[in-house]
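Below: the structure, in structure tokens.
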Amino acid sequence: MKQIESLKGKSVAIVGMGKSWFDYNLAKSHGVHFDEVWAINGVASVIYHDRVFMMDPASRFLDTDNAGTQTGVARQFLKTNKKPILTCQLDKRVKHLELFPLKEIALELGYCYFNNTVAYAVAYAIWKKVKQISLYGIDYTYKNVSMAESGRACVEFWCAIAATKGIKL
């Protein structure tokens, strides 16, 4: 899949790490088409994607073990990735990092409410004026991890903004 410069009127799949990311694989195996596929964090190490959203700085993965079980896969992925990675901080050790256009998006969309990577990806899709956003693995229900739920409302907020703009979810 060739990366599309203008995403206006296109469809994107945003694939996160929740269990429903398997539904993405099922959809693809049944012929569902997406103009672009966006991976959230470590999912980029296991699926074909056009862009990655990783709002933690690369140094979190390269210099510490703070990402737990994701640390190793992220280190490997950051070395080999050849697709754009939208992030919060550039790092000379990692090619293809791009700063997330936070100021531009906040000014154009009128909101700056972000507390997780998926919310940034949904806002980016709105800003790019896509026609459809399909969410996979965006579950926010992880066993024994209460912090996982904290991002749900933020993503729901951006999904509501998308819906008000006529974007199909």
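Using a 10 angstrom cutoff on alpha carbons, build the Gaussian network for the chain and name the most mobile of W21, W158, W38.
Answer for the Gaussian network model of the chain: W21.
Could you pull out every one of the aspartates and glutamates with an alpha carbon less than 20 Å from that of K10, ignoring same-chain neighbours closer than 8 positions?
Here the aspartates and glutamates satisfying the reach criterion relative to K10 are D35, E36, D50, E108.
How many Å² of accessible area per residue for the chain, probe 1.4 Å?
For the chain, the per-residue accessible area is 53 Å².
With unit charges on the beta carbon (Lys/Arg positive, Asp/Glu negative), name the residue among T87, L102, V73 whose Cα is farthest towards the positive pole of the charge dipole of the stretch 1-111.
Of the candidates, V73 comes out farthest on the positive side.
Which entry is the computed Rg and Dmax of the Cα atoms in Å for this structure: [x] 17.7, 53; [y] 24.0, 85; [z] 15.2, 42?
[z]
Give, as a single signed number, the net charge of other residues whose beta carbon lies under 15 Å from the beta carbon of F53, with Lys and Arg counted +1 and Asp and Glu -1.
0
Through the Karplus equation 6.51 cos²θ - 1.76 cosθ + 1.60, θ set to phi - 60°, convert the phi angles of the stretch 113-122 into ³J(HN,Hα) values in whole Hz; use x for Gly and Pro.
My calculation for the stretch 113-122 gives 10, 9, 9, 6, 4, 4, 4, 4, 5, 5 Hz in order.
Whole-Hz Karplus ³J(HN,Hα) for the stretch 60-77, in order, using 6.51 cos²θ - 1.76 cosθ + 1.60 and θ = phi - 60°, x for Gly and Pro?
Taking θ as phi minus 60°, the curve returns 4, 8, 7, 10, 9, 10, 5, 8, x, 5, 7, 4, x, 5, 5, 4, 5, 4 Hz for the stretch 60-77.
To the nearest 20 Debye, how big is the dipole of the chain about its Cα centre, given +1 on the beta carbon of each Lys and Arg and -1 on that of each Asp and Glu? Show your work: numbers first, answer last.
Working: 22 positive and 15 negative charges, 88 e Å.
Charge dipole, the chain, about its Cα centre: 420 debye, nearest 20.
Report the normalised scattering of the stretch 15-76 as log10 I(q)/I(0) at q = 0.16, 0.18, 0.24 Å⁻¹, calculated by the Debye formula with identical scatterers on the alpha carbons.
-0.55, -0.67, -1.01
From the cross-link list K103/K165; K79/K128; K19/K128; K82/K168; K19/K92, which pairs have alpha carbons spaced over 24 Å apart?
Over 24 Å apart, Cα to Cα: K79/K128; K19/K128; K82/K168; K19/K92.
Putting +1 on Lys and Arg Cβ atoms and -1 on Asp and Glu Cβ atoms, find which of S11, I133, N116 reaches farthest to the positive end of the dipole of the chain.
It is S11, whose Cα lies furthest towards the positive end.
Cα centroids of the stretch 71-107 and the stretch 28-54: how far apart, whole angstrom?
Going from one Cα centre to the other spans 15 Å.
Kindly rank 107-120, 124-137 from highest to lowest mean number of other beta carbons found within 10 Å of each residue.
Ranked by mean Cβ neighbours within 10 Å, highest first: 124-137, 107-120.
The values are calculated or read from the model by the stated rules, or taken from the named source; none is laboratory data. Keep in mind it's a predicted model, so treat the numbers as computed, not measured. Neighbour counts run over all protein chains shown; Cβ positions are idealised from the backbone, glycine included. Areas reflect the complete protein model, heavy atoms only, side chains present, ligands, DNA and RNA absent. Shrake-Rupley method; radii C 1.70, N 1.55, O 1.52, S 1.80 Å.
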